Amino acid sequence: MSGGEAVVPIEWTSDLDTGIDVIDGQHRQLVQYINPLEEANATSHRESLGDVLASLFDYTTFHFAFEESLLEQIEYPALIPHREAHDRFAKRIAGYGKQFGEGQDIGLEMHKLLCSWLLNHIKYDDADYAGKVRVKIDNTLNSGWLRRTLRRLAGD
């Protein structure tokens with residue numbers, strides 16, 4: 001870790017909840033990938049940092065694809081800028097991976113970016129679509145479509 005600065009882990013607070021269980025679970029998982037950076041930075045353990053980077057990139061890619069698919073289904077009007085924000089962030093993470101591969105010390109800088117970007121993205125960008133998704137979920141559940149589909153899949 002450069003400069004001897006301490007890295008503060010992300011604490012999950014209720015203001016980060018979107019009210020969409022699957023999304024909130026995925027966001028919590030992202031936090032679980034980010035927080036190990038604190039230990040990897042404190043110990044200057046490059047192998048651990050590399051593992052965290054790879055896991056974080058993979059899971060972030062999965063989460064963004066899932067979220068964007070959900071937003072397509074509800075015909076979210078701001079899907080394109082939301083997707084562009086995801087793309088810019090993924091490119092930054094990939095850039096950190098490249099720097100890491102070149103031997104650069106990126107742990108602290110990356111942790112700061114991840115914490116600030118993720119928290120702001122959840123609180124503002126994701127909060128903007130949350131109500132629309134919850135309404136769609138409620139309407140789907142109330143229509144009986146989900147119940148019928150689950151019964152069909154279960155062979156009932």
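As a test of the definition: which semi-axes, in Å, follow for the range 54-101 when you take the square root of five times each eigenvalue of its alpha carbon gyration tensor? Largest first, please.
On the way: eigenvalues 118, 27, 3 Å².
Each semi-axis is the square root of five times an eigenvalue, giving 24, 12, 4 Å.
I need to check one value: relative contact order of the range 24-87, counting alpha carbon pairs closer than 8 Å and at least 6 residues apart, in percent. Could the numbers behind the result be given before it?
Numbers: 21 pairs, mean separation 17.3, N = 64.
Value for the range 24-87: 27 percent.
To the nearest 10 square angstrom, how much accessible area does R92 have with a 1.4 angstrom probe?
For R92, the solvent-accessible surface is approximately 130 Å².
Rounded to the nearest percent, how much of the accessible area of the range 31-105 (1.4 Å probe, protein heavy atoms only) is carbon and sulfur?
C and S fraction of accessible area: 53 percent.
Just to confirm, what accessible area per residue do you get for the range 62-138 at 1.4 Å probe, in whole Å²? Show your work: numbers first, answer last.
Values: 4120 Å² over 77 residues.
It amounts to 53 Å² per residue over the range 62-138.
Between Q99 and K112, what is the label-point separation in nm under the 7 Å Cα-to-beta-carbon projection?
The two pseudo-label positions are separated by 1.0 nm.
The values are calculated or read from the model by the stated rules, or taken from the named source; none is laboratory data. Values in this document were obtained by computation on a predicted structure and should not be read as measured data. Cβ atoms come from the backbone with ideal geometry, glycine included; neighbour counts cover every protein chain shown. For the accessible areas, the whole protein counts, side chains as well, though only heavy atoms, and no ligand, DNA or RNA atoms are used. Shrake-Rupley method; radii C 1.70, N 1.55, O 1.52, S 1.80 Å.
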